[in-house]
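Chemist: Input: one structure, supplied below.
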Amino acid sequence: MKEILESLREGLRRSRSVRRAVKWYRGKYAADPGWGRILALEGGVWQSALNRAKGGPPVLLATSIGGYWTGTNLESLLAAALTLRGAAVRILLCDGVLPACQACDGRDVADFGTFVRQGPQKSLCGDCLRRGLRLFEGLGLPVVRFSECITDAERQKARRLALGTPAQDIGGFRLDGVPVGEHALAGALRFFARGDLDGEPHGEAVLRRYFEAAILTSFAARYIFSEGGLFSGGGLRAAVFHHGIYVPQGIIGEEARRQGLRVVNWNPAYRKRCFIFSHGDTYHHTLLEEPAAAWEDIPWGPREESEILSYLASRRTGGGDWIWFNRDPVEDPAWIAKEIGVDLSRPFIGLLTNVIWDAQLHYRASAFPRMVDWLVETVRHFAARPGLPLVIRVHPAEVRGTIPSRQTVVGELQKAFPRLPPNVHVVPPTSRVSTYALMSRANAALIYGTKTGVELAALGIPIVVAGEAWIRGKGLTIDARSPEHYGEILAGLPLPGPLGEEEVRRARKYAYHFFFRRMIPLECMEPTGGDPPFRLRLSSLADLAPGRMLGLDAILAGILDGRPFVDPVERRHGSAHAGTGSDLGRGKPGARGL
């Protein structure tokens, strides 16, 4: 305990912020994957693996943000496993040259004006780089720094563009075809936790910081992936990194694709110990474009039906997940009806929102440019139909997510409608109303981008999609093509009944594919219940050998050979750990270790 308190005091002295002091402590202790312990016992084995891998297929782990524990925990695992399989792994880290990045969080900034003047260099960059260097150089892996890949002339050009481009043109700005402005805007919106920068006094100045950072990243990535760059001696097998959006990751992906190189992106999935990997782009895009042939003919029987229904039931409380937001939901229909003032025995239409600022990218299929536009248009429609109730369930992540939103759905509704129509009911993000219990009684659910559409369709609830939801285009939903088409769809509500038997079976197949096949388990990632959401636990390097973790094998085959990132569920059915729990797979790593 004394050591913990001293560490927190040290973090407080360094950061002058209680929240950042806790983050510093977690970065030094709680989030440390602890490779040093294993290498102290198996240093010879690891050094031999490093020597063998020097001539192997090159793989770049473009981690970039050394202080992003969620990224470094998993990518250190990938680095070790790839090295043991003979890949020549290099790590990319930012060394403080970017004037803004994904690690910057408006909640950590007491004064936005100070951030505009100083950026992250004084308060964040040093510890961020030190943590990344300590981890990856401790593994003996070569680390490439951003500053090594950018010339003085490129720095000056980035600065000129950042200062001279009209603010209204930044979001759509393309540098030699690369949409640097889109990722810069997404990063600034994430920083402020808003869906737009309207009325934000320092919005433009922060956006220009992200814009400059995006341009610098573009220059660095061009050098890295060019013929005369880091991999000129041999073809790069893959560039692997988290998210695939924001700054710098989104720009790295854009430049790699421009050079015709393979990109692998990943994110933590909803199920415990599970991750989503995707080829070519962020999963925000690839899951939208995934062909139906990837899942509609999967083997289907009572076992698969039981597994997906059991998991979907667990989603109501988050028992099988490490990402959930309604901690203590109330399922009782009578209580819910009284709480929101709606007779649930009569037809009503449900509407599910997203967090306004999250993943603000361009999606070709969206009927509306912004979720707020869709929301306002929907309320206007129902204002003219007083006999049909609309129940808006605001996403609990607005207040309980990793980054609570500073632009709220309720606030946007109040701007557009000083007094809501009497048939429009809003369930706030803090409400204990169970989203699943509420929506299971709706005649239809209107969604923009929420993945809950996957779950509701599997329960037979008709879904109308106006945005970029992953359930869109799967032959299961009513997909709006334009605002006019959306209005025609709404005019046809309420619907005559729920989805038919064949539609429900198809929806459950997709839900099974989405939650069990695309979400790949890594048993060595232990949930923490905090930030970061997991930490690495291994007994020895032998835990990373082929056959020990089927999920890890599938991920590495995807990285090295381009195979689909699909969990081998069928093989697991014969294993001792088969089922819907979080410890899927065989050969679970030992409990002692890191």
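Coordinate-derived values only; no laboratory data. Computed from a prediction, not measured in an experiment: that's the story for all the values here. With ideal geometry, Cβ positions are generated from the backbone for all residues, glycine too; neighbour counts draw on all protein chains shown.
Chemist: By count of other Cβ within 10 Å, fewest leading, how are VAL264, VAL178 ordered?
Modeler: Lowest to highest Cβ neighbour count: VAL178, VAL264.
Chemist: Which whole-number percentage describes the relative contact order of the chain, with Cα contacts under 8 Å and a sequence gap of 6 or more?
Modeler: Relative contact order for the chain comes out at 14 percent.
Chemist: Next up: By how many degrees, between 0 and 90 and to the nearest 10, does the Cα long axis of helix 501-512 differ from the longest principal axis of the chain?
Modeler: The two axes meet at around 20 degrees.
Chemist: How much mean residue ellipticity at 222 nm does the chain get from its helices, if each DSSP H run of length 4 or more adds -39500 (n - 2.57) and you divide by all residues, to the nearest 500 deg cm²/dmol?
Modeler: The helix-only estimate for the chain comes to -12000 deg cm²/dmol at 222 nm.
Chemist: Please give every one of the aspartates and glutamates within straight-line cross-link reach of LYS157, meaning a C-alpha to C-alpha distance under 15 Å, and leave out same-chain neighbours fewer than 8 residues apart.
Modeler: ASP176, GLU212
Chemist: Could you work out the local net charge near GLU304, counting Lys and Arg as +1, Asp and Glu as -1, over the other residues with Cβ closer than 14 Å to its Cβ?
Modeler: Residues near GLU304 contribute +1 overall.
Chemist: Sorting check: for 44-51, 505-512, which peptide has the highest mean count of neighbouring beta carbons within 10 Å, and how do the rest follow?
Modeler: So the order, starting with the most tightly packed, is 505-512, 44-51.
Chemist: Sticking with this one: With Cβ to Cβ distances under 11 Å as the rule, what net charge do the other residues near TYR223 carry (K, R +1; D, E -1)?
Modeler: Net charge around TYR223: -3.
Chemist: Starting from the Cα-Cα distance between VAL45 and SER345, subtract it from 0.36 nm times their residue separation and give me the gain in nm to one decimal.
Modeler: That works out to 101.4 nm of additional length.
Chemist: Please give the net charge around ALA416, taking every other residue with its beta carbon less than 13 angstrom from that of ALA416, where Lys and Arg add +1 and Asp and Glu add -1.
Modeler: Cβ neighbours under 13 Å give a net charge of +1.
Chemist: Continuing with this model, one more query. Could you calculate the contour length gain from GLN118 to THR165, that is, 0.36 nm times the residue separation minus the distance between their Cα atoms, to one decimal place in nm?
Modeler: So the chain would gain 14.8 nm between GLN118 and THR165.
Chemist: Specify which residue in the list GLN168, GLN249, GLY195 is farthest towards the positive end of the charge dipole of the range 153-263, using unit charges on the beta carbon of Lys, Arg (+1) and Asp, Glu (-1), about the Cα centre.
Modeler: The one lying farthest along the dipole's positive direction is GLN249.
Chemist: Whole Å is fine, so just give me how far the alpha carbon centre of the range 80-154 lies from that of the range 537-571.
Modeler: Measuring centre to centre over Cα atoms gives 28 Å.
Chemist: Dipole size in debye (nearest 20) for the chain around its Cα centre, Lys and Arg Cβ +1, Asp and Glu Cβ -1?
Modeler: That gives the chain a dipole magnitude of about 1400 debye.
Chemist: Any chance you could run the full-extension gain for HIS485 through ARG130? It's 0.36 nm times the residue separation minus the Cα-Cα distance, nm to one decimal.
Modeler: 122.5 nm
Chemist: List the aspartates and glutamates whose alpha-carbon lies under 18 Å from that of LYS415, not counting same-chain residues fewer than 8 positions away?
Modeler: The qualifying aspartates and glutamates are ASP196, ASP198, GLU200, ASP373, GLU377, GLU398.
Chemist: Over the residues of the range 292-514, compute the C-alpha Rg and express it relative to 2.2 N^0.38 Å.
Modeler: Expressed relative to 2.2 N^0.38 Å, the Cα Rg reads 0.98.
Chemist: Let me ask something else about it. Cα axis of helix 2-15 to longest principal axis of the chain: angle in degrees, 0 to 90, nearest 10?
Modeler: So the inclination is approximately 80 degrees.
Chemist: Which percent of the Cα-Cα distances in the chain go past 30 Å?
Modeler: Across the chain, Cα pairs with separations above 30 Å total 54 percent.
Chemist: Take the Cα pairs of the range 437-562, get the Kirkwood Rh, then feed it into Stokes-Einstein at 4 °C and 1.567 mPa s and tell me D in µm²/s.
Modeler: The estimated diffusion coefficient comes to 75 µm²/s.
Chemist: Expressed as an acute angle from 0 to 90° and rounded to the nearest 10, what is the orientation of the C-alpha long axis of helix 371-383 relative to the principal long axis of the chain?
Modeler: 10
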